[in-house]
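Q: Starting off with a structure, shown below.
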Amino acid sequence: MSAEINTDSSRVEIKQRVVRVALAGNPNSGKTSVFNALTGLRQKIANYPGVTVERKSGMLTGPDRQPFEIIDLPGIYSLVPKSLDEQIAVDILTGTCPVEPPPDLVVVVADVTNLPRNLYLCTQIIDIGLPVILALNMMDVARKKNLQVNVEGLARRLNIPVVPISAKQMEGIDELKDTIFLHGRKGANGRNGHSILKSVELARVCEPLVTWFQEHGIDSPSGAYAEALRVISQPQALERWQNRNGREELSGLVQKARQELDARGIPWKQAEVRIRYAAIDQICAQNITQPKSTGSELSEKIDRILTHKYFGPVFMFLILATIFQSIYTWAEVPMTAIENALGALGQQVEQLLPPGPLQDMLVNGVIAGVGAVLVFLPQIVFLFFFLAILEDTGYLARVAFIMDRFMAKIGLSGQSVIPLLSSFACAVPGIMATRTIQNQRDRLLTILVAPFMSCSARLPVYTLMIGAFIPGIWLGGIFYLPGLVLLSMYLLGMVAAVVAATILQKFVVKGESTSYIMELPAYRMPVWRFIFYRVYEAGKAFVTNAGKIIMAVSIVLWFLASYPKPDAKHQQDMLALEKSGQTVDSFHEIRQSYAGRLGQLIEPVIRPLGFDWKIGIGLITSFAAREVIVSTLATIYNLQDADETSVDLRAALQNDRYPDTGKPVFTPLVAISLMIFFVLACQCMSTLAIVRRETNSWRWPVFMFVYMLIFAYVASFTVFQVGTALGFGS
Ligand SMILES: Nc1nc2c(ncn2[C@@H]2O[C@H](COP(=O)(O)OP(=O)(O)OP(=O)(O)O)[C@@H](O)[C@H]2O)c(=O)[nH]1
Ligand SMILES: [Mg+2]
């Protein structure tokens, strides 16, 4: 079965069939950790339910170079999906996915410390007739808790291979691989697994239905049992049989079964849960020895403080404040080092190449532009480092818990919190994470406000402005003012999301939100290996992005800001001005370039926000990606001051004056107005593209772009105008 011989060519070649192995299991049971251990890939792992929201696959080579495709799926509690991510997993497992047949083998990754709930899903998958291997994950935790599992007993009872593993400690991974190789190659003959249903007294209720299904095309007794339970418990499942022959008879049998359950005091909707758990509890009692509970667990003790009604939010604020402060202070030394290295590189290039357009482009376009953004690498690294720790310890789930009640108040579901918090890294994965939200209205609303969360691309913009215009004062010896201003930009984004959500649900996305009970994972020590990968990947993406998008934009911008060169008349006019003792605009060359003209074209519109034409150019280029405004300003100021190798961008911003009035172009108020604009505007192609994909229409990305732009304009306008009126304008 597993090999087919291809005799087309002169050489007889054995083409190996790919064996498809799906990893299924409850959310947060460690599927992706196992996936990474098997395939050597590095998909995202974190300590909260709903991390994986789409199907991911990787290859594993078995004996005789047999290829195995390992498929990581979003977590599910049962085969009845409640949200889009669960739908994806269930469709693939049950063979209802239009583009993909069911897998050849399912590895159910179960959290051994929570076995009954994990077995519920496992037995459901056994019952649909797929070959199953049970991987008991988190054995390291079980050992610490003194939890004993009779692996053989479990394997015998369920009639499937059971492999104890720890994806964290990389234990049992080789055994798991061997088991996969052995069972995966059997294909359809590999069916294993006993249905546990028959063993339960209550399951007799199903028997007439089982017989009916066996007569109507479901051969396997376990499949028939499972379907019987489904049609009893779920009206939708019954509907699927509506067009078949004998459906009246079926409806009659279902009615009778439901009545019988009623008579025993069991609501029929709970039939499946009751019957399965009756069997599972028995299995667990026979095969697991749980130590007597030693009072409350450590996680619970910690949670009593960290999720406390009043202390919880206080801790949350302190933790966030510490993080932003650290991002600010720790990054300083490496940032200066990168800055110096880039300065030296610029000098080298300048000495090596003869003066001319090429030298100019490399020094003032590429090195200045890309360098201005690269300098922020250390901050990005620290941001992701802290985010990864918050996620992997399980604290992020607590933040979601603390916020839950508040979210309900503003008409959003607690399920929106994690996608919103993920958007601090980047709105794209944040918007993807909304797939876990069950209610479609809540999901759309979350998508529409997610880009208000300050993503890592805004960090360079904030830091540049704060670094140049907010004094480095320690308040009361504890809080560092630049760190606080940075934190307040993040807070502003959150407030904006709340305000927008409130307005949008009044006028645009109407309907009720669904309440939701959050599952709190146990606290865990972060797995440093994973944290390192996360940070490394984020850093790499940032540098690659600088290397591609920012380099491209910098080159184009260098050209647009350098040409056309001023004509003879322009030069003479300037000379004449200078001779007559008047001040000459040092940007006069760039002013009349293509980019300069464009900037001046939009200047009247942005002047009320405090922005001049140079910032205007930056606003336009930053629609490619937000951090591009930094490289744009760097290129413009470098071109203006071409005699100096790499100008210090901060100093250049501080010293820039309007040629007519002599007033500074940038003041702290302008810096704040600009930051606010960046908090609120949706200047990001990738975000708009992902919204298009996730909502399946152009309507929402267009709407989002427009309303956020209006929001940003109004806010910056108000701040700048009110600030100026109050005398903060200079
Ligand atoms: N102690 C311990 N922790 C583990 C083990 N395997 C995974 N984890 C941790 O469990 C958490 C969840 O791991 P993931 O691999 O993201 O779980 P998942 O099943 O893919 O979760 P979803 O994608 O949300 O369904 C992470 O914090 C992991 O570090 C293990 O064997 N032992
Ligand atoms: Mg996962």
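Q: For the pair TYR594/LEU475, report the inter-label distance in nm, with labels modelled 7 Å from Cα in the Cβ direction.
A: So the two model labels end up 4.6 nm from each other.
Q: Per-residue counts of other Cβ atoms within 10 Å, averaged by peptide: what ranking do you get for 419-427, 260-268, highest first?
A: 419-427, 260-268
Q: With θ set to phi - 60° and the Karplus curve 6.51 cos²θ - 1.76 cosθ + 1.60, what are the ³J(HN,Hα) couplings of the range 411-422 in order, to the nearest whole Hz, using x for Gly and Pro?
A: Along the range 411-422, the couplings run x, 10, 8, x, 5, 6, 5, 5, x, 5, 5, 4 Hz.
Q: I've got another one for you. Quick query: amide H of TYR480 versus all other amide H atoms, modeled in the peptide plane; which residues come in under 5 Å with a sequence gap of 5 or more or a different chain?
A: LEU475
Q: OK, next. What number, in nm² with one decimal, is the all-direction average of the projected area of the convex hull of the alpha-carbon atoms of the range 545-725? Don't jump to the answer; show the numbers that get you there.
A: Details: hull surface 47.4 nm².
One quarter of the hull surface, i.e. the mean projection, equals 11.8 nm².
Q: Between GLU201 and ALA725, what is the spin-label point distance in nm, taking each point 7 Å from the Cα along the Cα→C-beta axis?
A: If labels sit at GLU201 and ALA725, their model points lie 7.9 nm apart.
Q: Next question. At 0.36 nm per residue, minus the direct Cα-Cα distance, what do GLN351 and GLN148 gain on full extension? Give it in nm, one decimal, please.
A: Taking GLN351 through GLN148 to full extension adds about 66.0 nm, to one decimal.
Q: Oh, and also: At a temperature of 25 °C and a viscosity of 0.890 mPa s, determine how fast the chain diffuses translationally according to Stokes-Einstein, using the Kirkwood radius over alpha-carbon pairs as Rh; express D in µm²/s, rounded to the nearest whole number.
A: Details: Rh = 29.3 Å.
The diffusion coefficient I find is 84 µm²/s.
Q: Can you give the log10 of the normalised intensity I(q)/I(0) at q = 0.13, 0.19 Å⁻¹, computed with Debye over equal Cα scatterers of the range 403-469?
A: After summing over all Cα pairs, the log10 values are -0.39, -0.68.
Q: Longer than 24 Å from Cα to Cα, which of LYS31/LYS144; LYS82/LYS510; LYS31/LYS409 are they? Say none if no pair is. Walk me through the intermediate numbers first.
A: Working: LYS31/LYS144 21 Å; LYS82/LYS510 21 Å; LYS31/LYS409 34 Å.
Beyond 24 Å between Cα atoms: LYS31/LYS409.
Q: Using the Karplus curve 6.51 cos²θ - 1.76 cosθ + 1.60 with θ = phi - 60°, what ³J(HN,Hα) values do you get for each residue of the range 197-205, in whole Hz, with x for Gly and Pro?
A: Those phi angles translate into 5, 4, 5, 9, 3, 4, 5, 3, 3 Hz.
Q: Which of the peptides 440-451, 334-345, 387-398, 709-720 is most tightly packed, and how do the rest follow, judged by the mean count of other Cβ atoms within 10 Å per residue? Working shown, then result.
A: Numbers: 440-451: 24.3, 334-345: 14.6, 387-398: 21.9, 709-720: 18.0.
In decreasing order of mean packing, 440-451, 334-345, 387-398, 709-720 become 440-451, 387-398, 709-720, 334-345.
Q: Also, I was wondering about something else. Calculated FRET efficiency, ASN243 and LYS301, Cβ-Cβ r, R0 56 Å, to nearest 0.05? Intermediate values should be presented prior to the final figure.
A: Details: r = 56 Å, r/R0 = 1.01.
Computed FRET efficiency for ASN243 and LYS301 comes out at 0.50.
Q: Given the peptides 587-598, 362-373, arrange them by the average over their residues of other C-beta atoms within 10 Å, most packed first.
A: Highest-to-lowest ranking by the protection proxy: 362-373, 587-598.
Q: Sticking with this one: Step through the residues of the range 551-559 one at a time and calculate ³J(HN,Hα) from phi using the Karplus curve (6.51 cos²θ - 1.76 cosθ + 1.60, θ = phi - 60°), rounding each to whole Hz and writing x for Gly and Pro.
A: Rounded to whole hertz, the list is 4, 4, 4, 4, 5, 4, 5, 4, 4.
Q: Here's another thing I want to ask about it. Which whole-number percent is the relative contact order of the chain (Cα, under 8 Å, 6+ apart)?
A: Values: 1143 pairs, mean separation 81.0, N = 730.
Reported relative contact order: 11 percent.
No value in this document is a laboratory result; all are computed from the given coordinates. A quick note: this is a predicted structure, and the numbers were derived from the prediction, not measured. For neighbour counting, all protein chains shown are included, and Cβ atoms are generated from backbone atoms with ideal geometry for every residue, glycine included.
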